[in-house]
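Step one of this worksheet: look at the structure below.
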Ligand code: SF4
């Protein structure tokens, strides 16, 4: 051991004792050029909340595609901003356009029941759509509309950092996975969106029209539940 090491060890001991006594006195210890961990976490949370507010405001004012002309209001998304599961549907329908919330009405009630079947409450997940504005007469989103809207959803995904994405319906799956494969081909396989594991299943509105598909939907939900239970997943 060199003399320098001895001095260094002695200095460390003095510093450790100083921290010990300050701690006993109830005085918070600050390290040089650093903030206490709790302060760093508080700043990070405040920063994320600010980004959410800025994003929501930008979406509210968005006129990047023609759908802004016919909307009652934008439908930003709803739920737990720290969710493990992000549910993505197609676009707002009539009820969503009026209420400003995705997946309301009968399809929303069925989604709530599907989530409850795997032990999740609606408030525990985050729910959004490919489009933030309602297409007239509930027609399919056009490619240029989905492209214009995708940066908003991507920013939401970056802020939430979910463990798993559940894409509900053909439109959501096609836009997220950039494929035109059928839902039958896409179901039952694990996909990924920007590194986030992604499961494809039926849209609740389809299940209301085709209740026979609920059995297959249940299989998808079981897979989803096992993914959520298994922690971080490599894709
Ligand atoms: S659908 Fe998306 S891109 Fe088009 S106006 Fe609405 S928020 Fe903007």
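Since every read-out is calculated from the coordinates, none of them should be taken as a lab result. Keep in mind the model is a prediction, meaning the values are calculated, not measured. FYI the Cβ positions are ideal-geometry reconstructions off the backbone, even for glycines, and counts take in every protein chain you see.
Brief remarks on what is shown
- Candidates 15, 144, 49: whichever shows maximal mean-square fluctuation once the chain is modelled as a Gaussian network with Cα springs under 10 Å: 15
- Per-residue extension of 0.36 nm, minus the Cα-Cα distance of residue 159 and residue 46, leaves a gain of 39.4 nm for this segment.
- Once C-alpha pairs closer than 8 Å and six or more residues apart are averaged by separation and normalised to the residue number of region 86-154, the relative contact order reads 42 percent.
- Neighbour-count order for 78, 87, 125, fewest beta carbons within 10 angstrom listed first: 78, 125, 87
- Prolate/oblate/rounded call for region 90-143, Cα gyration tensor, a/c under 1.5 rounded: prolate
- Residues 114, 25, 17, sorted so that the one with the fewest Cβ neighbours within 10 Å comes first: 25, 17, 114
- Tail beyond 26 Å, pair distance distribution of the chain (Cα, percent): 47
- Relative contact order of the chain, defined on C-alpha pairs under 8 angstrom at six or more residues apart (%): 18
- Highest-fluctuation residue, 148, 107, 45 considered, GNM on the chain with Cα pairs under 10 Å: 45
- Proxy reagent accessibility, fewest Cβ within 10 Å first, across 201, 217: 217, 201
- Projecting label points 7 angstrom from Cα along Cα→Cβ for residue 215 and residue 116 puts them 2.4 nm apart.
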